[in-house]
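To keep things clear, I will list the structure first and then write my remarks on it.
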Amino acid sequence: MANAPIRLLIAASGTGGHLFPAIALAEQLPDYQIEWLGVPNRLERSLVPKQYPLNTIAVEGFQQGFGFSSLRILGKLVGSILQVRKLLKQGNFQGVFTTGGYIAGPAVIAARSLGLPVILHESNALPGKVTRFFGPWCNAVAVGFEVAAKYLPRAKTIYTNTPVRSPFLDSGIVPLDLPIPENVPLIVVFGGSQGAVAINKLVRECATAWFDAGAWVVHLTGDNDPEADKLQHPQYIVLPFYDNMAGLLKRANLAISRSGAGSLTEMAVCGVPSILIPYPFAAEDHQTYNAEVFTSVGAAIAFKQSELTAEVLQSKVLHLLQSPELAHMAEKSKAIAVPDSAEKLAQLVREVVEM
């Protein structure tokens, strides 16, 4: 059929950092028929909108040295490639988009074996191993930070920044269903989609001094912190997660967080200055590379988790709340943002898939 919609398979799995940019892209392709490729029992089960059928494959990453477990994982990889290849053929897909991670391997191999175009989006300043290996196989690699291109010399890279979900781009204030007074300083603490117990502990030790200075704190602890309810205070709102992150970050005066690429992009779009504590066990320490993009322009202050004490964090926040430096950091954060990133990425997908 001449007017049949283009069919695109999106391979994105595991964390919000992989899923949210892919969802933002999908929203920009309403004329495409999109299906999703994920892994069982991961976040995509709950995050991927219902209008995108979800296909799953049993694939894992190679995290340890070669051994019997590696042979099992290799067997799963081969099976997954064949499964994706069958899906692409039977579904008459015309292209694949992926945000990297280990699900990208079988998606890229299957697509290229069928001669289908592939677009990969890499959100981190230091591209992951999968991106560095498979980047040259792809028709285009969109990067979230310009510095990432230097690590991908054999790939065709295009700077698009990282897309955010549409609520972050809505103009004006997004109402919050939280009892926060209008004119008080608001500190938002979060550890990304996985939470961050180490940050949680530090913040609970610091927060009383911030309350005394008039600040309110919204603390998103994740669901893995057994002491999440340890601190109680009228100016302290503790939740495992909060759906309206766009509204929360637009209201925030300061954020304390990890430095995952997705979180950084959302903070930039909302113009939020931040104190960053990169996750020390992230693959190849990539969160530190992300943080450096923001600290280098004055949009954030970063601390190594191993070197940060409650006393240092407490005093730094108190200083910022009382200093014009906070407003300057907010301006620098906003300047990093690329609000039309999703449109740029969608245009790239159209150029590659429809050529």
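In whole Hz, with x marking every Gly and Pro, tabulate ³J(HN,Hα) for the stretch 208-218 from phi via Karplus 6.51 cos²θ - 1.76 cosθ + 1.60, θ = phi - 60°.
For the stretch 208-218, the Karplus curve yields 4, 5, 5, 4, 4, 7, x, 7, 9, 10, 9 Hz.
Leaving out same-chain residues fewer than 8 places away, which aspartates and glutamates sit with a Cα under 20 Å from that of LYS86?
GLU35, GLU60
Suppose every K and R has +1 on its Cβ and every D and E has -1 on its Cβ; what is the size of the dipole of the stretch 169-336 about the Cα centre, in Debye to the nearest 20?
220 debye
Would you order LEU29, LEU37, LEU169, LEU264 from fewest to most other beta-carbon atoms within 10 Å of each residue's own beta-carbon?
LEU169, LEU29, LEU37, LEU264
Which far-off residues, 5 or more places away or on another chain, put their amide H under 5 Å from the one on ALA302, with H placed in the peptide plane?
Here the answer is LEU276, since their amide H atoms fall under 5 Å of that of ALA302.
Using alpha-carbon pairs under 8 Å, 6+ residues apart, how would you state the relative contact order of the chain in percent?
Here the relative contact order equals 16 percent.
Could you identify which residue out of GLY105, GLY75, GLY95 has the top mean-square fluctuation in a GNM of the chain using Cα springs shorter than 10 Å?
Result: GLY75 has the largest fluctuation of those listed.
What residue among ASP223, ASP177, ASP285 has the largest mean-square fluctuation in a Gaussian network model of the chain, using Cα springs under 10 Å?
ASP177
Would you work out if the stretch 223-329 is rounded, prolate or oblate? Take a ≥ b ≥ c from the square roots of the eigenvalues of the alpha-carbon gyration tensor; rounded if a/c is under 1.5, else prolate when a/b is larger than b/c, oblate otherwise.
Rounded shape, in that the Cα axes give a/c under 1.5.
Connecting C-alpha atoms closer than 10 Å in a GNM of the chain, tell me which of SER306, SER80, SER274 has the biggest fluctuation.
SER306
Please report how far the C-alpha centroid of the stretch 153-224 lies from that of the stretch 297-336, rounded to the nearest whole angstrom.
14 Å
The list [x] 59, 58, 42; [y] 91, 61, 35; [z] 65, 48, 37 gives values of Cα extents along the principal axes in Å, and only one came from this structure; which label was calculated from it?
Among [x] 59, 58, 42; [y] 91, 61, 35; [z] 65, 48, 37, the one derived from this structure is [z].
With a sphere of radius 10 Å drawn around the Cβ of TYR159, what net charge do the other residues whose Cβ falls strictly inside it have (Lys, Arg +1; Asp, Glu -1)?
So the environment of TYR159 carries a net charge of 0.
Arranged by the count of other C-beta atoms within 10 angstrom, fewest first, what order do HIS233, HIS286 take?
Listing HIS233, HIS286 from fewest to most nearby Cβ atoms yields HIS233, HIS286.
Sort out the exposed loop chymotrypsin sites (Phe, Trp or Tyr not before Pro) in the chain (DSSP loop, at most 12 other Cβ within 10 Å) and tell me the longest stretch that has none.
67-240
Of the trypsin sites (Lys or Arg not before Pro) in the stretch 215-277, which ones lie in a loop per DSSP and count no more than 16 other C-beta atoms within 10 Å?
Within the stretch 215-277, the qualifying trypsin sites (Lys or Arg not before Pro) (loop, at most 16 other Cβ atoms within 10 Å) are LYS230.
Sort GLU146, GLU266, GLU122 by Cβ crowding within 10 Å, fewest neighbours at the top.
Result, fewest neighbours first: GLU146, GLU266, GLU122.
Where a number appears in this text, it was derived from the coordinates with a stated rule and is not lab data. In this text, all values refer to a predicted model and were calculated from it rather than measured experimentally. Methodologically, a virtual Cβ is constructed for each residue, glycine included, from the backbone with ideal geometry; neighbour enumeration extends over all protein chains shown.
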